Amino acid sequence: MQRRELFRLLGAGAALPAFDSNLLAAFQDAHPKSSYTLRTLNPHQNATVVAMTDLIIPETDTPGAKAVRVNEFIDLILTDWAHEDERQKFLFGLDDLDKRSNAIFGKDFVDVTPVQQEAVLSELDQRYALDREDRATHPFVRRAHNPQLTGDFFGVVKRLTLYGYYTSEVGFTLELRKQIIPGAYHGCTPVSDAAKA
């Protein structure tokens, strides 16, 4: 399955807002260094996050979320940016994911097959779509501290995965084919008559 097809199926396109330059710079600065040690997620929670993000952005002709260590980005966001209630809601979501997986397959999420993991995430994605529709019909909902960390658990995971991946050097340069620092400034470029029309 191609990455773009997966995004279409999961509806992730709607979860990825347009990056403005300040937000992009902030998230790029948030990427952990290579010697990063987890501070919020325990090993089991981390393995769960790795499995989820790897299904959201799998490796194709470019590295996936697992290869660019999106799990560490999420841990850093939970540790340094999230408020306590947002952090606890995320951790509760991970516990709930294991409960759902156990109810269906008798095993934690990380212990089932990738096909079974996709089935659990598909159910969460359907709930996320309903949550988005509900919020769209009730526009006067209280805004939280960090909009990326609000709403349905799976929506938060998708947003953080997309932010983490596309603000990484790999996601930004190989997948989006953008330059972090443009090679040259081309100001005052004449506009052709064809372009004016």
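The values are calculated or read from the model by the stated rules, or taken from the named source; none is laboratory data. Since the model is a prediction, treat every value here as computed from it, not as a measurement. Cβ: placed from backbone, ideal geometry, glycine included. Neighbour counts: every protein chain shown.
For residue 64, only one of the following conditions fails: (1) surrounded by fewer than 18 Cβ atoms within 10 Å (Cβ to Cβ); (2) among the small types (Gly, Ala, Ser); (3) not in a helix (DSSP H, G or I). What is its number?
(1)
Could you tell me whether any residue of the stretch 176-186 is modelled with pLDDT of 70 or more and within 17 Å of the chain's Cα centre (by Cα)?
No, the stretch 176-186 contains no residue that is modelled with pLDDT of 70 or more and within 17 Å of the chain's Cα centre (by Cα).
Do any residues in the stretch 58-75 that are more than 20 Å from residue 40 (Cα to Cα) have Cβ atoms under 7 Å from those of residues that are part of a loop (DSSP other than H, G, I, E, B) and of a type in the set (S, T, N, Q), where the two are at least six apart or on different chains, and which pairs are they?
Correct list of pairs: 60/2.
Yes/no per residue for (1) surrounded by fewer than 16 Cβ atoms within 10 Å (Cβ to Cβ); (2) farther than 16 Å from residue 49 by Cβ; (3) among the acidic types (Asp, Glu):
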site: 86; (1), (2), (3): no, no, yes
site: 105; (1), (2), (3): no, yes, no
site: 109; (1), (2), (3): no, no, no
site: 117; (1), (2), (3): no, no, no
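Given the structure, is residue 55 closer than 15 Å to residue 161 by Cβ, more than 15 Å from the chain's Cα centre (by Cα) and touching a residue at least 24 places away in the same chain (Cβ under 8 Å)?
no
Select from the stretch 112-156 the residues that are polar (S, T, N, Q) and modelled with pLDDT of 60 or more and list them in ascending order.
113, 116, 117, 122, 126, 148, 150
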